[in-house]
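Quick notes on the structure that follows.
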Amino acid sequence: MANFSRIQVAQTMQQTGLVPLFFNSNIELSKKVLKACYDGGARLLEFTHRGDFAHEVFATLSKYTSKELPEMILGVGSLTDAAQASLYMNLGANFIVTPVLREDIAKVCNRRKVLWAAGCSSLTEIVKAEELGAEIVKLFPAGNFGPSFIKAIKAPQPWTSIMPTGGVSTVKENLEGWFKAGATCVGIGSKLITKEIIQNQDFETLKANTQKCVALIQSIKKGMY
């Protein structure tokens, strides 16, 4: 069962502005990645469902997070059907992210009052997701659209909350572009949790990079108001 309500999750996404994305089949390594991100100030992490037996890795991480990282909101991404979403919610997922808009996933998440973020690539899909109860929609793949897409969507729909994912980096100019266009938060995977960090198990660098990214996002958001 989720430890955080969907409202708490949405508020944390808005407040921190950062959702790191990560998957690795090595449980001990994954714990260290989680802790480094947590110590660096991240309060959400999307475990991406990739690879066989990924749910078994998540089950262990979910228990670890609840015990050792109590403020970390652990969710799951890359889910493609309701059965997967239900499985992960039973393992403690606090939010569900999908690469596409799936009404069946919306229904099972809403039934459990768990936040779900549908992958959308058009205004029509965004509106449909919101009609199905989405607090936040995922723009994916964001790099194919750019910040101007969010700015255009926010003009007629200022209430829409968008999380660009795919094509987002930790570079100041990139982050400024997304947030100034109206992004609520950003999903960042390999640009934050790099292959080099994983290969070298350099978790201090990951912690430092997360701190810098969180601070940069807060500075950008503060300068907008």
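Read-outs: derived from the displayed coordinates by stated rules, not from any lab. The model shown is predicted, which means the values in this text are computed figures rather than measured ones. As a convention, Cβ positions derive from the backbone with ideal geometry for all residues, glycine included, and neighbour counts pool all protein chains shown.
Tabulated results
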| quantity | calculated |
| --- | --- |
| Cleavage-rule hits (trypsin sites (Lys or Arg not before Pro)) in region 58-142: DSSP loop, at most 14 neighbouring Cβ within 10 angstrom | LYS113 |
| Sequence-distant lysines (8 or more away, or on other chains) whose Cα lies within less than 23 Å of LYS207 | LYS31, LYS32, LYS35, LYS63, LYS67, LYS172, LYS191, LYS195, LYS221, LYS222 |
| Ranked list, fewest to most other Cβ atoms within 10 Å of each Cβ, for HIS49, HIS55 | HIS55, HIS49 |
| Sequence-separation-based contact order of the chain, relative, with Cα cut under 8 Å and 6+ spacing, percent | 23 |
| GluC sites (Glu not before Pro) lying in DSSP loop within region 42-83, provided at most 13 other Cβ fall within 10 Å | GLU71 |
| Sum of -39500 (n - 2.57) over DSSP H runs of 4+, divided by residues of the chain (222 nm, nearest 500) | -15000 deg cm²/dmol |
| Theoretical gain in end-to-end length, LEU29 to GLN201 [0.36 nm per residue, Cα-Cα removed] | 61.1 nm |
| Helical segments meeting 27 Å axial Cα length and Kyte-Doolittle 1.0 threshold in the chain (DSSP H) | none |
| Cα-based shape type of region 84-199, given that a ≥ b ≥ c are square roots of the gyration tensor eigenvalues and the cut on a/c is 1.5 | oblate |
| Cleavage-rule hits (chymotrypsin sites (Phe, Trp or Tyr not before Pro)) in region 1-89: DSSP loop, at most 15 neighbouring Cβ within 10 angstrom | PHE53 |
| Cβ-defined net charge surrounding GLY40, 9 Å radius [Lys, Arg +1; Asp, Glu -1] | +1 |
| Point-to-point label distance, GLN8-THR194, nm (Cα→Cβ direction, 7 Å offset) | 3.5 |
| Among GLY146, GLY51, VAL9 the positive-end extreme of the charge dipole of the chain (Cβ point charges) | VAL9 |
| Net lengthening on full extension, ARG50/THR80 (0.36 nm per residue, minus Cα-Cα) | 9.7 nm |
| Simple Cβ-charge dipole of region 6-218, Lys/Arg +1 and Asp/Glu -1, about Cα centre, in debye nearest 20 | 280 |
| Matching label, mean projected area of the Cα convex hull in nm² computed from the structure shown, candidates (1) 10.9; (2) 13.6; (3) 14.6 | (1) |
| Dipole moment magnitude, nearest 20 debye, region 161-225 about Cα centre, only Lys, Arg, Asp, Glu C-beta charged | 200 |
| Gained length - GLN211 relative to LYS172, 0.36 nm times residue gap less alpha-carbon distance | 12.7 nm |
| Inter-site label distance for THR124 and TRP159 at 7 Å from Cα along Cβ, in nm | 2.2 |
| Long-range amide H partners of THR48 with built H, under 5 Å | PHE22, PHE23, GLY77 |
| Positive-pole candidate from PHE23, LEU175, THR65, dipole of the chain, charges at beta carbon | LEU175 |
